[in-house]
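Colleague: This structure is in structure tokens; I'll ask about it shortly.
The values are calculated or read from the model by the stated rules, or taken from the named source; none is laboratory data. Predicted, not measured: the structure shown is a model, and the values here were computed from it. Every residue, glycine as well, gets a Cβ built from its backbone with ideal geometry; the counts of neighbours run over all protein chains shown.
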Amino acid sequence: MKALAVFVVLLLLAPFALPAFYLTLLNYIGLYGLVALGLLLLTGVGGLTSFGQAAFVGIGAYTTAALSTGVIEVPAALSWTQHSPWIALLAGLLLTLVVAIVLGSMTLRLSGHYLPLGTIAWGISLYYFFGTFEQLGGQTGMSGIPAIEVFGHPLLTAREMYYLIWAFVLIAALTTQNLLDSRQGRAIRALRGGVVMAEAMGVDTARSRMVIFVIASLQASASGWLYAHLQRFVNPSPFGLQYGIDYLFMAVVGGAGQVWGALLGATVITVSKQWLQDLLPQLLGRTGNFEMIVFGCLLILLLQRSRNGLWGLVARATARWFPKPAKARAVPQAQALPRRAMPPRGEVVLEARNVTRRFGGLVANNDLSLKVHAGEILALIGPNGAGKSTMFNQLSGVDTPTSGQVLLRGQSVEGRGSRAIAHLGLSRSFQHVRLLPAMSVLENVAIGAHLRGRSSVFSAAWRLDRAEESRLLAEAAHQVVRVGLQDHMFAEAGSLALGQQRTLEIARALASDPCVLLLDEPAAGLRLREKQALGELLAKLRAEGMAILLVEHDMDFVMGLVDRVVVMDFGQKIVEGLPHEVQQNPAVLEAYLGGVAS
Ligand code: ADP
Ligand code: MG
């Protein structure tokens, strides 16, 4: 907070201290920084790479150029939209919104390399679009763009534009920061490497992607609007692919994932390009685009040295002088969230009917049926490769059965996807833990509570969600304490021992207020004391009416705890019964010991 205040004061004073040349440079840093901030959210945090953001800058710039100069004929009913930059800003944002939603729904689903390629494709198309239209001035561009008026005062000079530009940048930086620190922000941060988990916790990940794409595009568009009124002239060249690449570099070089890193990146790239451009021809005694070559080499060097970009380097170098202040680490307290009514004890909560799942020729689940009742712990056991985890995936909607039915509280849910199933009250942990290692234990658990919140992206950006947010965090904290991880509440999840990470997953599942819980090998990696505590917790949940399905290898743990056992081998159910019956069943002994005995 103090750092922010100093930053704002410096920004306010800069125009009085700096010569005009530097002020112009600062204006450009602000314009680029606004785009880089969007890319920070999209690429740095969300992991979606876009080379096409410059095209959205172009949409903002060209919309205002066309409307505020009045060169575009609009229907008489819309004539009031002309000649006002502020109305042109709204029109540009609206147009950007529409284009972003159309392009986003076509490209954001693409995976791997296809997404960046898709963004290059529309980046290039839009660039040529700007240059093709006679009315938009073709390659020559359009001039005579009026100045923006604020309270009747036209912003004619670089100094006057400076304050407007940096007001936009500051608002974008603060709202981005707020958004990341919220329920919606956790969903966004889960996009990178946690999509399966997030969907299983009820997060609409496709929507989260669209949200960050739209935000990034709107910020780029606003930057284009400011640019057009700063230059009072537009042509297509600053909206091409080359600029799209530069913007991406700014976000990555500065420090992917850090708001202030994006601004640092915009600063460093803008300034160093300028200097290299002036300096190198003097040094070399020749003209040419040497700066691009040197620049490229410096970039490679930086990315080699620090994966977290410049912000990472700066943070490391200054850590000695600015030790991280101990954050307020109070356990959040708030009114408890409403809870779901548990189904009556004995009700069949979850049922698999003749579920078969084939992977090519392999039948991982073969005609398998089972029922889990409210207030019961059912164990699913069997040798490695028997198909237990596959069954979990069919039941939780992570995967869809080749044939057969899954019923959750009487509703047929197969093929409905894990998000819908999570909303119906099923929650799970994963055999191979799926958490977000750089986030705190508390925040990881709070992802489980996502589906119990309503707050929108807008309210998160403006901190109108704080009441709900503290209730969600209090719920998460409650579950962290409940599973015994209270000493690690604020530690990075990735720093926990594997057994504790599994326990974290149970807390996360509980935070969603489920009525049926699927736990895949929860006791693996736990010490004896921890196992006992886990057993007690599960028994307590059962007493509350929870239906629990458990995959576990530790027979001592299973046999002392569960009500019934289903044994699988080669994808099939071979035995079902009470723990002590199953233990002595010849078919079970054969399945477990067969390979060893023969
Ligand atoms: P378990 O959890 O009982 O150890 P799994 O359900 O993980 O067993 O695996 C059952 C069988 O299905 C194994 O032979 C495994 O290799 C296969 N299998 C699991 N998932 C897939 C998949 N996505 N594609 C192909 N084969 C799979
Ligand atoms: Mg398994």
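Colleague: Would you be able to say whether some residue in region 88-106 is under 34 Å from the mean Cα position of the chain (by Cα), assigned by TED's automatic domain parsing to the domain that holds residue 51 and of a type in the set (S, T, N, Q)?
Modeller: Initial filter on region 88-106 (under 34 Å from the mean Cα position of the chain (by Cα)): 88-106.
Now drop any that are not assigned by TED's automatic domain parsing to the domain that holds residue 51, which leaves 88-106.
Still in the running and of a type in the set (S, T, N, Q): 96, 105.
Within region 88-106, one or more residues are under 34 Å from the mean Cα position of the chain (by Cα), assigned by TED's automatic domain parsing to the domain that holds residue 51 and of a type in the set (S, T, N, Q).
Colleague: State whether one or more residues within region 210-227 are assigned to a helix (DSSP H, G or I) and free of Cβ contacts under 8 Å to residues at least 24 places away in the same chain. Don't jump to the end; show me each part of the working.
Modeller: Quick first cut of region 210-227, residues assigned to a helix (DSSP H, G or I) only: 210-227.
Adding the requirement that they be free of Cβ contacts under 8 Å to residues at least 24 places away in the same chain leaves none.
Among the residues of region 210-227, not one is assigned to a helix (DSSP H, G or I) and free of Cβ contacts under 8 Å to residues at least 24 places away in the same chain, which makes the answer no.
Colleague: Suppose we keep only residues that are among the charged types (D, E, K, R) and over 34 Å from the mean Cα position of the chain (by Cα) within region 357-377. Which one would you say is nearest to ligand 1 (Cβ to nearest atom)? First the steps, then the outcome.
Modeller: Keep residues of region 357-377 that are among the charged types (D, E, K, R), which gives 357-358, 367, 371, 376.
From what is left, the residues that are over 34 Å from the mean Cα position of the chain (by Cα) are 367, 371, 376.
Details: 367: 15, 371: 19, 376: 21 Å.
Selected residue: 367.
Colleague: Further question on the same structure: Taking region 357-410 only, how many residues are away from ligand 2 (no atom under 15 Å from the Cβ), surrounded by fewer than 22 Cβ atoms within 10 Å (Cβ to Cβ) and either assigned to a helix (DSSP H, G or I) or of a type in the set (Val, Ile, Thr) (or both)?
Modeller: Total meeting the criteria: 3.
Colleague: With respect to the numbered conditions (1) more than 29 Å from residue 579 (Cα to Cα); (2) surrounded by 12 or more Cβ atoms within 10 Å (Cβ to Cβ); (3) within 16 Å of ligand 2 (Cβ to nearest atom), which one is the sole condition not fulfilled by residue 337?
Modeller: (3)
Colleague: Separate question: In this structure, is residue 60 in the same structural domain as residue 195 (by TED's automatic domain parsing), surrounded by 16 or more Cβ atoms within 10 Å (Cβ to Cβ), among the small types (Gly, Ala, Ser) and closer than 30 Å to residue 307 by Cβ? Break it down into steps so the answer makes sense when it comes.
Modeller: On the way: in the same structural domain as residue 195 (by TED's automatic domain parsing): yes; surrounded by 16 or more Cβ atoms within 10 Å (Cβ to Cβ): yes; among the small types (Gly, Ala, Ser): yes; closer than 30 Å to residue 307 by Cβ: no.
Criteria not met by residue 60.
Colleague: Of the residues 427, 418, which is touching a residue at least 60 places away in the same chain (Cβ under 8 Å), within 16 Å of ligand 1 (Cβ to nearest atom) and among the small types (Gly, Ala, Ser)? Please lay out each step first, then the result.
Modeller: Working: 427 fails: within 16 Å of ligand 1 (Cβ to nearest atom).
On inspection, the qualifying residue turns out to be 418.
Colleague: Is at least one residue of region 259-282 more than 26 Å from residue 489 (Cβ to Cβ), modelled with pLDDT of 75 or more and outside any helix (DSSP H, G or I)?
Modeller: No, region 259-282 contains no residue that is more than 26 Å from residue 489 (Cβ to Cβ), modelled with pLDDT of 75 or more and outside any helix (DSSP H, G or I).
Colleague: Based on what the data block shows, is residue 333 more than 16 Å from ligand 1 (Cβ to nearest atom), within 27 Å of the chain's Cα centre (by Cα), on the phi < 0 side of the Ramachandran plot and not small (Gly, Ala, Ser)?
Modeller: On the way: more than 16 Å from ligand 1 (Cβ to nearest atom): yes; within 27 Å of the chain's Cα centre (by Cα): yes; on the phi < 0 side of the Ramachandran plot: yes; not small (Gly, Ala, Ser): yes.
When the stated conditions are applied, residue 333 passes them.
Colleague: Same structure again: Does region 160-169 include one or more residues that are farther than 20 Å from residue 33 by Cα and surrounded by fewer than 24 Cβ atoms within 10 Å (Cβ to Cβ)?
Modeller: Step one: list which residues in region 160-169 are farther than 20 Å from residue 33 by Cα, which gives none.
No, that holds for no residue.
Colleague: State all residues of region 406-462 that are among the basic types (Lys, Arg) and more than 18 Å from residue 339 (Cβ to Cβ); if no residue qualifies, say none. Please lay out each step first, then the result.
Modeller: Initial filter on region 406-462 (among the basic types (Lys, Arg)): 409, 416, 419, 428, 434, 452, 454.
Within region 406-462, 416, 419, 428, 434 meet the criteria.
Colleague: Filter the helices (runs of 4 or more DSSP H) completely within region 92-201 down to those with at least 1 residues that are touching a Phe, Trp or Tyr at 6+ places or on another chain (Cβ under 8 Å).
Modeller: Values: elements: 114-132, 158-180, 183-189, 195-200.
The qualifying helices (runs of 4 or more DSSP H) are 114-132, 158-180, 195-200.
Colleague: Need the failing condition index for residue 342 against (1) in contact (Cβ under 8 Å) with a residue 40 or more places away in the chain; (2) of a type outside the set (Lys, Arg); (3) within 16 Å of ligand 2 (Cβ to nearest atom), just the number.
Modeller: (3)
Colleague: Name the residue that is modelled with the lowest pLDDT, counting only residues in region 555-570 that are in a helix (DSSP H, G or I) and of a type outside the set (Asp, Glu). Give the steps one after another, and end with the answer.
Modeller: Restricting attention to region 555-570, the residues satisfying the condition of being in a helix (DSSP H, G or I) are 555-561.
Next cut, of a type outside the set (Asp, Glu) only: 555, 557-561.
Values: 555: 86, 557: 91, 558: 91, 559: 89, 560: 89, 561: 95.
Within region 555-570, the match that is modelled with the lowest pLDDT is 555.
Colleague: When you go through 182, 143, 105 one by one, which is the residue that is crowded, with 16+ Cβ neighbours inside 10 Å and in contact (Cβ under 8 Å) with a residue 24 or more places away in the chain?
Modeller: Values: 143 fails: crowded, with 16+ Cβ neighbours inside 10 Å; 105 fails: crowded, with 16+ Cβ neighbours inside 10 Å.
Sole residue among the options that is crowded, with 16+ Cβ neighbours inside 10 Å and in contact (Cβ under 8 Å) with a residue 24 or more places away in the chain: 182.
Colleague: Condition check: touching a Lys or Arg at 6+ places or on another chain (Cβ under 7 Å), more than 16 Å from ligand 1 (Cβ to nearest atom) and under 30 Å from residue 496 (Cα atoms). Does residue 445 satisfy that?
Modeller: Values: touching a Lys or Arg at 6+ places or on another chain (Cβ under 7 Å): yes; more than 16 Å from ligand 1 (Cβ to nearest atom): yes; under 30 Å from residue 496 (Cα atoms): yes.
Spelling it out, residue 445 is indeed touching a Lys or Arg at 6+ places or on another chain (Cβ under 7 Å), more than 16 Å from ligand 1 (Cβ to nearest atom) and under 30 Å from residue 496 (Cα atoms).
Colleague: Are any residues in region 44-91 in contact (Cβ under 8 Å) with a residue 12 or more places away in the chain, among the small types (Gly, Ala, Ser) and part of a helix (DSSP H, G or I), and if so, which ones? Before the answer, list the steps.
Modeller: Applying the first criterion (in contact (Cβ under 8 Å) with a residue 12 or more places away in the chain) to region 44-91 yields 44-72, 81-89, 91.
Those left that are additionally among the small types (Gly, Ala, Ser): 44, 46-47, 50, 52, 54-55, 58, 60-61, 65-66, 68, 70, 84, 88, 91.
Scanning region 44-91 gives 44, 54, 55, 58, 60, 61, 65, 66, 68, 88, 91.
Colleague: Would you confirm whether or not region 277-292 contains a residue that is more than 16 Å from ligand 2 (Cβ to nearest atom), touching a residue at least 24 places away in the same chain (Cβ under 8 Å), surrounded by 14 or more Cβ atoms within 10 Å (Cβ to Cβ) and not small (Gly, Ala, Ser)? Lay out the reasoning, then the answer.
Modeller: So in region 277-292, the residues more than 16 Å from ligand 2 (Cβ to nearest atom) come out as 277-292.
If we keep only those that are touching a residue at least 24 places away in the same chain (Cβ under 8 Å) as well, we get none.
So far as region 277-292 goes, no, none of its residues is more than 16 Å from ligand 2 (Cβ to nearest atom), touching a residue at least 24 places away in the same chain (Cβ under 8 Å), surrounded by 14 or more Cβ atoms within 10 Å (Cβ to Cβ) and not small (Gly, Ala, Ser).
Colleague: Within region 308-324, how many residues turn out to be among the small types (Gly, Ala, Ser) and modelled with pLDDT under 75? So that I can check it myself, show each step before the final result.
Modeller: Going through region 308-324, the residues among the small types (Gly, Ala, Ser) turn out to be 309, 312, 315, 317, 319.
Remaining after also requiring modelled with pLDDT under 75: 319.
Final tally of qualifying residues: 1.
Colleague: Can you work out which of the residues in region 522-533 that are assigned to a helix (DSSP H, G or I) and basic (Lys, Arg) is nearest to ligand 2 (Cβ to nearest atom)?
Modeller: Within region 522-533, the subset assigned to a helix (DSSP H, G or I) is 528-533.
If we keep only those that are basic (Lys, Arg) too, we end up with 529, 531.
Working: 529: 25, 531: 18 Å.
Checking each candidate, the answer is 531.
Colleague: Let me ask another. Considering only region 571-582, I want to know if a residue exists there that is more than 44 Å from the chain's Cα centre (by Cα), of a type in the set (S, T, N, Q) and not in a helix (DSSP H, G or I).
Modeller: Scanning region 571-582, I find no residue that is more than 44 Å from the chain's Cα centre (by Cα), of a type in the set (S, T, N, Q) and not in a helix (DSSP H, G or I), so the answer is no.
Colleague: Select from region 338-383 the residues that are over 21 Å from residue 423 (Cα atoms), touching a helix residue (DSSP H, G or I) at 6+ places or on another chain (Cβ under 7 Å) and small (Gly, Ala, Ser) and list them in ascending order.
Modeller: Of everything in region 338-383, those that are over 21 Å from residue 423 (Cα atoms), touching a helix residue (DSSP H, G or I) at 6+ places or on another chain (Cβ under 7 Å) and small (Gly, Ala, Ser) turn out to be 364, 379, 382.
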